[in-house]
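**Student:** Structure incoming, see below.
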Amino acid sequence: MGEAIVITSGKGGVGKTTTTANIGTALALMDKKVCLIDTDIGLRNLDVIMGLENRIIYDIVDVIEERCKLKQALIKDKRFDYLSLLPAAQTSDKSAVTTEGMKKIIQELKQEYDYIIIDCPAGIEQGFQNAISGADRAIVVTTPEKSSVRDADRIVGLLEKEEMQAPSLIINRIRNHMMKNGDMLDIDEVVQVLSIDLIGIVQDDDEVIKASNNGEPIALQSKPKAAISYRNIARRILGESVPLESMEDDTGILKKMKKFFGLHV
Amino acid sequence: MTVDNKQVIAMKGTRDGLTLFLDDSCSFEQLVAELQEKINMSKTGKNEQTTTVVVKLGNRYLANGQKQKIASIIEDGNYFQVESFESDVIHLEEAVKWKEQSDVKIFNKIVRSGQVLTVTGDLLLIGDVNPGGRVEASGNIYVLGRLFGVAHAGKDGDKKAVIAASYLNPSQLRIAEYISRAPDYESDGVMMECGYIDEKEDKILVDRLQVLTKKRISLSGFERRMLNG
């Protein structure tokens, strides 16, 4: 029996879809059976980031309205056998999706997959309610900005009313130099306000955007820090305890030397 | 009808006016009859200044209609003015309401953005009020945690209400109908401080918790709660 995890944030543009794609990919890299669900009806993106746009035949609304079987609507990933995507509808009426319909789909998927990662739309309306309805736990994504943290706080409040495990937190798009200067909220501040478990931090990286545009989630690459962060998040989801990544730029021979000798950089 | 000679009404003059002691073991009719008599006797016709009267009821409970009747007898002819009725007993409903308003309600949670926590009486919150969150109480608000959002004490108009927090950095403090907001520049907040209405300055001031021992002496006493009720 699998576990359903919803990725949500309240605010738009903080990286829910990117996070969904990368956590899903990272889990698949660890030989887990993973199904991604895009619940952002009308504004679907997850298929683009996964590079699976061209393969869509049926979507989630077709499944709910029983125009096709669930298995027919699932798109198998190019790279992994056990990574699938259930795409959102692009044209259909939003009201077609109901919480009952979602629960039913997730129950069915849980039989076959280890992890079901649900990409939640922005906002707190029906789309949000649908996305969280079948989930066992939630991961809240925020950026170190006041507005984003405010919305995340609202979301955590709403999630606390649901019957699910306490949500975890990902702080996304961290810009190291801004955080150091105090121009951005620092990690401790964000965690203190939201007071939920921090499951990962991801640095802002141009590579992430590049990778998304290519339809190849960055978690597939070995080098970039963001890729390491996403893979670490996946390991933490699996229950491993992995220390938080250091925020320091460890480029430059001098810094590496200092680090080697245990000097503060 | 046999009326025993014992008087059911005793009068006593004080500095502030007249106090009427109404016997609490006789019938209401008896009381009314004797009161009528006494008042008529007291009307001298000379005294132009109206005297204020406090009516002490002892262990008798009077409904509003009965109070009105007594008051109308006393005030007939504008010689006397009823200042208040004082009774040793109160109605159960009032008592429950009173208790409700004097109770300290304890919550152990985080009030997050968009959430509103409203209580009747005093609020003791063990946890934070996050930015965008809001706490309201008809009495005082104590926050054992960090207050970032909006706090409204004395919601029903109690100007004596106070807001105290371990860490105070609110976007707004409201007490009764007074509102004060945080400055536009970013501020760090203060530890162990409180907000209260200063009568002289006629606005909400924020000061160390210790000033409350001087400014709100009755805060811990039962008296305040009685007034509150």
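The values are calculated or read from the model by the stated rules, or taken from the named source; none is laboratory data. Computed from a predicted model, the values in this text were never measured in an experiment. We place every Cβ from the backbone using ideal geometry, glycine too, and count neighbours over all the protein chains shown. For accessibility, only protein heavy atoms count, side chains too; no ligands or nucleic acids. Shrake-Rupley method; radii C 1.70, N 1.55, O 1.52, S 1.80 Å.
**Student:** Restricting to the range B:90-122, name every residue that is away from chain A (no Cβ under 14 Å) and surrounded by 14 or more Cβ atoms within 10 Å (Cβ to Cβ).
**Tutor:** B:K97, B:W98, B:E100, B:Q101, B:S102, B:D103, B:V104, B:K105, B:V119, B:T120, B:G121, B:D122
**Student:** Mind telling me which of the residues A:I155, A:I75 ends up being more than 19 Å from B:S113 (Cβ to Cβ) and aliphatic (A, V, I, L, M)?
**Tutor:** Within the list A:I155, A:I75, the selection yields A:I75.
**Student:** Just wondering, is there one or more residues in the range B:156-167 that are of a type in the set (A, V, I, L, M) and more than 27 Å from the chain's Cα centre (by Cα)?
**Tutor:** Within the range B:156-167, not a single residue is of a type in the set (A, V, I, L, M) and more than 27 Å from the chain's Cα centre (by Cα).
**Student:** Tally time: how many residues in the range B:146-158 are within 14 Å of another protein chain (Cβ to nearest Cβ) and open to solvent by 10 Å² or more (accessible area, probe 1.4 Å)?
**Tutor:** Of the residues in the range B:146-158, 3 are within 14 Å of another protein chain (Cβ to nearest Cβ) and open to solvent by 10 Å² or more (accessible area, probe 1.4 Å).
**Student:** Go through the range A:136-149 and give me each residue that's touching a residue at least 40 places away in the same chain (Cβ under 8 Å) and either open to solvent by 10 Å² or more (accessible area, probe 1.4 Å) or over 16 Å from the mean Cα position of the chain (by Cα) (or both).
**Tutor:** Step one: of the range A:136-149, the residues touching a residue at least 40 places away in the same chain (Cβ under 8 Å) are A:136-145, A:147-149.
If the condition is that a residue be touching a residue at least 40 places away in the same chain (Cβ under 8 Å) and either open to solvent by 10 Å² or more (accessible area, probe 1.4 Å) or over 16 Å from the mean Cα position of the chain (by Cα) (or both), then A:D136, A:R137, A:P144, A:E145, A:S147, A:V149 are the ones that fit.
**Student:** Give the range B:121-137 a look and list any residue that's within 26 Å of the chain's Cα centre (by Cα) and either of a type in the set (D, E, K, R) or modelled with pLDDT under 95 (or both), or say none.
**Tutor:** Matches in the range B:121-137: B:G121, B:D122, B:R134, B:E136.
**Student:** While we're looking at this one, here's another question. Exactly one condition in (1) of a type in the set (G, A, S); (2) surrounded by 18 or more Cβ atoms within 10 Å (Cβ to Cβ); (3) touching a strand residue (DSSP E or B) at 6+ places or on another chain (Cβ under 8 Å) is false for A:A122; which is it?
**Tutor:** It is condition (3) that A:A122 fails.
**Student:** Do the conditions hold for B:V55, that is, is it open to solvent by less than 50 Å² (accessible area, probe 1.4 Å) and of a type in the set (A, V, I, L, M)?
**Tutor:** So B:V55 passes the test.
**Student:** May I pose another question? So, in the range A:159-196, how many residues would count as being within 14 Å of another protein chain (Cβ to nearest Cβ), under 28 Å from A:E3 (Cα atoms), outside any loop (DSSP other than H, G, I, E, B) and open to solvent by 30 Å² or more (accessible area, probe 1.4 Å)?
**Tutor:** 3
**Student:** If I filter the range A:172-193 for residues that are among the hydrophobic types (A, V, I, L, M, F, W, C) and closer than 25 Å to A:I106 by Cα, do I get at least one hit?
**Tutor:** No - not one qualifying residue is present in the range A:172-193.
**Student:** Of the residues A:K71, A:K78, A:K103, which single one is in a loop (DSSP other than H, G, I, E, B) and out of contact with any strand residue (DSSP E or B) (no Cβ under 6 Å at 6 or more places or on another chain)?
**Tutor:** Details: A:K71 fails: in a loop (DSSP other than H, G, I, E, B); A:K103 fails: in a loop (DSSP other than H, G, I, E, B).
Sole residue among the options that is in a loop (DSSP other than H, G, I, E, B) and out of contact with any strand residue (DSSP E or B) (no Cβ under 6 Å at 6 or more places or on another chain): A:K78.
**Student:** Can you name the residue in the range B:123-141 that is away from chain A (no Cβ under 14 Å) and surrounded by fewer than 24 Cβ atoms within 10 Å (Cβ to Cβ) and is also farthest from A:V193 (Cα to Cα) among such residues?
**Tutor:** The residue in question is B:S138.
**Student:** Which members of the range A:129-158 meet the condition of being of a type outside the set (K, R), within 13 Å of chain B (Cβ to nearest Cβ) and not in a loop (DSSP other than H, G, I, E, B)?
**Tutor:** A:V140, A:T142, A:S147, A:S148, A:V149, A:D151, A:A152, A:D153, A:I155, A:V156, A:G157, A:L158, listed by residue number.
**Student:** Mind checking which residues of the range A:205-225 are touching a residue at least 40 places away in the same chain (Cβ under 8 Å) and in contact with a helix residue (DSSP H, G or I) (Cβ under 8 Å, 6 or more places away or on another chain)?
**Tutor:** Residues of the range A:205-225 that are touching a residue at least 40 places away in the same chain (Cβ under 8 Å), as a first pass: A:208, A:212, A:214-220.
Passing the criteria: A:V208, A:S212, A:G215, A:P217, A:I218, A:A219, A:L220.
**Student:** Scan A:I118, A:I124 and give me the residue that is assigned to a strand (DSSP E or B) and touching a residue at least 40 places away in the same chain (Cβ under 8 Å). Spell out the reasoning first.
**Tutor:** On the way: A:I124 fails: assigned to a strand (DSSP E or B).
Step by step, each of A:I118, A:I124 is checked, and only A:I118 is assigned to a strand (DSSP E or B) and touching a residue at least 40 places away in the same chain (Cβ under 8 Å).
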